[in-house]
Structure formats: structure tokens, C-alpha cells
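Colleague: Structure below; questions to follow.
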Amino acid sequence: MNKLEALWTYQNAEIELEEFENVLRNTETRKKLLQHQKYLQVKQQFIKNLENEITVSQNKIGEIASHIESLAAQMQQKSQELVEMADYDLEDLFIEDVRESIKESESIKGALEQNKRKIVEIKKKLEKASEEIMQTLRNMSAVKKEFDRLKELHNEEIEKGSEEIGRLKEKLEKAAKKVDPDLMEKYKKIKQRRPNPIARLNDDRCGGCSMQLPSSVIGRLKASGSIVECDSCGRIIYL
């Protein structure tokens, strides 16, 4: 077996292994498994976002509640002022002071009612977010059961295929031992940019890119069996 024949045998063994591994990676079971996994990841992020929103809303309620307490204290103070004004003699009262106190009281009352409405609205949003989380968790639970079932089936597929993968890897290792080390290094460098680094000569054309090879190159290849690379794609030509 010459150098190129050994390399060709190695590439065929490598292709066989890669194709079988690709089959295992692309079974219908694994495709469904990945779809379920993606769904669960998206929903986990969705729940996390809702939980963050709930935390922000709860903090907001705390801030508004503190503001309501402050407004209530102001309201009580204004009410006390109006009560005290009622005990004054009319001659001692300035009508503008009374009007101003009433106006301030009405303003505080309006602010209190507005902030209470805000709390009610936020609580409704919190309830909705909590319901969405619970519903999402229920949906995820059903998907997780199916995910676990598919994972078990895929593990069985891998287990069944592991014996064949072992056989193909052993075949590849045996083929690799027969390849010239320098040629193997060249093969691996080409593979970094091209699949199937060694290509057959088909009707004086490169089997990788179909580029017509010069007659001088073909003559040299046929005469000496030397290592020739395609000028177009860089693959090693195998006669």
C-alpha cells in the first residue's frame, strides 16, 4: 500500500465514523429533545423576568405605602388645624388662611387617593404575574416529563450506537498507523479549511472542486505517484 492509498483508506474510515456520529446527533428523538430543552430554557428565563418584575413592584408598593403614611400624617395635621380654627373668634380669623388650609387638605386627600389607586393597580399586576408563573410552571412540568422520556430514549440510542462507534474508531486508529506522519500533518492542515482533504482524480479533474488539472501535473502524478495538490482547492490528488 503506497502513501496516498493509505491516506485514502484513512479518510474513508474517518468519513464513515463522522457520518455515523452525525446520524446519532440527528435522530428524530434528539431533535425533539433539543426542541423541548429550548422550550424549557425560554420559559425559565420568562419566569425569571417575571420574578424580577414582581420584586420591583413589591419595592414600589413599599415606597408608595411610606408616602401614604407621610400624606396621612399631613392630613391629620391639617384636620387638626381646621378643628382649631373652628374655635377661633371670627375677628381673629383670616378668610384666606382658612381657604388655604382647606385647599391643602383637598390636595393631600387627592394625593392619598391617587397613591391608593396606584397600589391597587400594582397588586393587580402582581396577581397576574403570579398566575402567569403558576401556569407556566404547570406547562413546564408536562414538557419536562416528555423531555425526560425523550432523554431516556436518546440515551438508549447512544448506548446502542456506542458499540458501532467503538468499532469505527478502532478501524480509524488502525488506518492512521499506516499513514506517513508528514502526510497526515498535511491532511489535517487542509481539513481545517476543506472537508475531505484528499480527492480522487476524475477525468483529469479534481474530485473535490472539479477543477481541470494541467496535463503536466497529471503526467507527474501518473509517472511518479508524487504528492500533488489541487491549485484551486488545495486538496491532495489521489490517482
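The values are calculated or read from the model by the stated rules, or taken from the named source; none is laboratory data. This one's a predicted model, so the numbers in the text were calculated from it and none came from an experiment. Quick reminder, even Gly has a Cβ in these numbers, built from the backbone with ideal geometry, and neighbours come from all protein chains shown. The accessibility values were calculated without ligands, DNA or RNA, using every heavy atom of the protein model including side chains. Shrake-Rupley method; radii C 1.70, N 1.55, O 1.52, S 1.80 Å.
Colleague: Whenever you get a sec, line up VAL179, VAL42 from highest to lowest accessible area (probe 1.4 Å, protein heavy atoms).
Modeller: VAL42, VAL179
Colleague: Can you send over the solvent-accessible area of LYS48, 1.4 Å probe, protein chains only, in Å² to the nearest 10?
Modeller: Here the residue's solvent-accessible area equals roughly 110 Å².
Colleague: Can you give the angle from 0 to 90° between the axis of helix 181-191 and the longest principal axis of the chain, with both taken from C-alpha atoms, to the nearest 10?
Modeller: Taking the Cα atoms of the chain, the angle to 181-191 is about 40 degrees.
Colleague: Considering only protein heavy atoms and a 1.4 Å probe, what is the carbon-and-sulfur percentage of the accessible area of the chain?
Modeller: It is 49 percent, rounded to a whole number.
Colleague: Can you give me the Cα centroid spacing of the stretch 117-135 and the stretch 163-239 in angstrom?
Modeller: 66
Colleague: Report which label in [x] -0.55, -0.67; [y] -0.83, -0.89; [z] -0.67, -0.78 holds the value of log10 I(q)/I(0) by the Debye sum over Cα atoms at q = 0.11, 0.12 Å⁻¹ derived from the coordinates of this structure.
Modeller: Of the labelled values, this structure produces [y].
Colleague: Note the full-extension length gain between SER107 and GLN77 as 0.36 nm times their separation in residues minus their Cα-Cα distance, in nm to one decimal.
Modeller: Working it through step by step, the gained length comes to 9.5 nm.
Colleague: Further, regarding this structure: With a 1.4 Å probe and all protein chains kept in place, how much accessible area does TYR10 have, in Å² rounded to the nearest 10?
Modeller: Near enough 20 Å² of accessible area.
Colleague: Let me ask something else. Could you order HIS67, HIS154, HIS36 by accessible surface area, starting with the largest, using a probe radius of 1.4 Å?
Modeller: From most exposed to least exposed: HIS67, HIS36, HIS154.
Colleague: For the pair SER210 and GLU164, what calculated FRET efficiency results from E = 1/(1 + (r/R0)^6), where r is the Cβ-Cβ distance and R0 = 30 Å, to the nearest 0.05?
Modeller: FRET efficiency, GLU164 to SER210: 0.35.
Colleague: Among the listed pairs LYS38/LYS151; LYS31/LYS151; LYS48/LYS128; LYS177/LYS222; LYS43/LYS128, which have their C-alpha atoms separated by more than 22 angstrom in this model?
Modeller: The pairs that break the limit, which is 22 Å between Cα atoms, are LYS177/LYS222.
Colleague: So which GluC sites (Glu not before Pro) in the stretch 137-205 pass both tests, a DSSP loop state and at most 14 other Cβ atoms within 10 Å of the Cβ?
Modeller: For GluC sites (Glu not before Pro) across the stretch 137-205 that sit outside H, G, I, E and B with at most 14 neighbouring Cβ atoms in 10 Å, the list is empty.
Colleague: Could you work out how much longer the chain between LYS145 and ASN22 gets when fully extended? Use 0.36 nm per residue separation minus the Cα distance between them, nm to one decimal.
Modeller: In short, 41.6 nm is gained.
Colleague: If you don't mind, another one. So what's the net charge close to ASN139: Lys and Arg +1, Asp and Glu -1, counting the other residues with Cβ under 13 Å from its Cβ?
Modeller: After counting each charged neighbour, the total is +1.
Colleague: Multiply the residue gap between GLU131 and SER226 by 0.36 nm, knock off their C-alpha separation, and tell me the result in nm, one decimal place.
Modeller: Roughly 26.8 nm would be gained on extension.
Colleague: Can you tally the net charge around PRO214? Count Lys and Arg as +1, Asp and Glu as -1, for every other residue whose Cβ sits under 11 Å from the Cβ of PRO214.
Modeller: -1
Colleague: So what's the net charge close to GLN45: Lys and Arg +1, Asp and Glu -1, counting the other residues with Cβ under 14 Å from its Cβ?
Modeller: That sum, taken over residues with Cβ under 14 Å, equals 0.
Colleague: Keeping all protein chains in position, work out how much accessible area SER216 exposes to a 1.4 Å probe, and write it in Å² to the nearest 10.
Modeller: 90
Colleague: A further question on this structure: Please list, or write none, the aspartates and glutamates whose alpha carbon is within less than 17 Å of the alpha carbon of LYS118, excluding same-chain residues fewer than 8 places away.
Modeller: List returned: GLU53, GLU63, GLU69, GLU127.
Colleague: Under 12 Å from a point 7 Å along the Cα-to-Cβ line of LYS43: which residues of the stretch 114-145 have their amide N that close?
Modeller: Those under the cut-off are 133-145.
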